[in-house]
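K.L.:
Below is a structure I'd like to ask you about.
Please treat every number below as a calculation from the coordinates, not as lab data. Quantities reported herein were computed from a predicted structural model and do not represent experimental measurements. Positions of Cβ are generated from backbone atoms using ideal geometry, with glycine treated the same way; all protein chains shown enter the neighbour counts.
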Amino acid sequence: MDVLNASEKQGKFTQLMAPHADSLYNYAIYLTNDRDDAYDLLQETMLKAFRFLEKFEEGTNAKAWLYRIMRNTFINEYRRVKRLPELTSYEEQLSSAELLANEYHDQDELRRKLERDTLDDEMSGAISALPEKFKSVIVLRDIVVLPYEEIAEALEIPIGTVRSRLHRARSLLYERLKTYAKSRGYDVSESFVPTDVALAM
């Protein structure tokens, strides 16, 4: 492992890590559900990334490395210390029968909602209220738009688990927003799951 002097370390950090600050802050907002806490979480994440920069292998995925640091920081410190509210009553697993029953329905509506330039308070609140394991995958996939491989690396879970959690997250979010969506004129008469959900766990 090369030991960097202060100038080299700052230059490497500025080049590889700093450009991801905005997307990290967006992720932090959904994790903490509070802009001040999100800023604190971002600062702590960047400080840790700078402190342990020598452990980062140049040429590997900097963004996934930073997301992993942020998520672990949130789980190990913020959620414990601040006792942030989180719904925990949902089951992660979906039976293969449920998945197969929904596999061929229209599957793009929720994704279009999530990809709007600005998520309104209702949508943001619904995402923030999801359990962290579901919230992380839906934010990283549908808002930050990371590839599955990068999400798996960031969350340290298999790609199949990313897909199953994403399916569950979208289903939970859809149910939470159904009434709201009707009031905004969306057609929610048919259930759906996203097209890229795999049956693997």
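K.L.:
Please work out the Cα convex hull volume for region 6-46 and give it in Å³ per residue. Numbers along the way, then the final one.
P.N.:
On the way: hull volume 2.3 nm³, N = 41.
Dividing the Cα hull volume of region 6-46 by its residue count gives 55 Å³.
K.L.:
Distance cut-off 31 Å, Cα to Cα: go down the list LYS9/LYS135; LYS55/LYS133; LYS63/LYS178 and report the pairs above it. It would help to have the intermediate numbers written out before the result.
P.N.:
Details: LYS9/LYS135 33 Å; LYS55/LYS133 26 Å; LYS63/LYS178 33 Å.
Exceeds cut-off: LYS9/LYS135; LYS63/LYS178.
K.L.:
Using DSSP to call loops (not H, G, I, E or B), can you name the GluC sites (Glu not before Pro) in region 137-177 whose Cβ has at most 16 other Cβ atoms within 10 angstrom? Working shown, then result.
P.N.:
Numbers: sites: GLU149, GLU150, GLU153, GLU156, GLU175; in loops: GLU156.
Taking region 137-177 and a limit of 16 other Cβ atoms within 10 Å, the loop GluC sites (Glu not before Pro) found are GLU156.
K.L.:
Which loop-located chymotrypsin sites (Phe, Trp or Tyr not before Pro) does region 1-72 contain, where loop means any DSSP state but H, G, I, E or B and the Cβ has at most 11 other Cβ atoms within 10 Å?
P.N.:
Working: sites: PHE13, TYR25, TYR27, TYR30, TYR39, PHE50, PHE52, PHE56, TRP65, TYR67; in loops: PHE52, PHE56.
Qualifying residues, ordered by number: PHE52.
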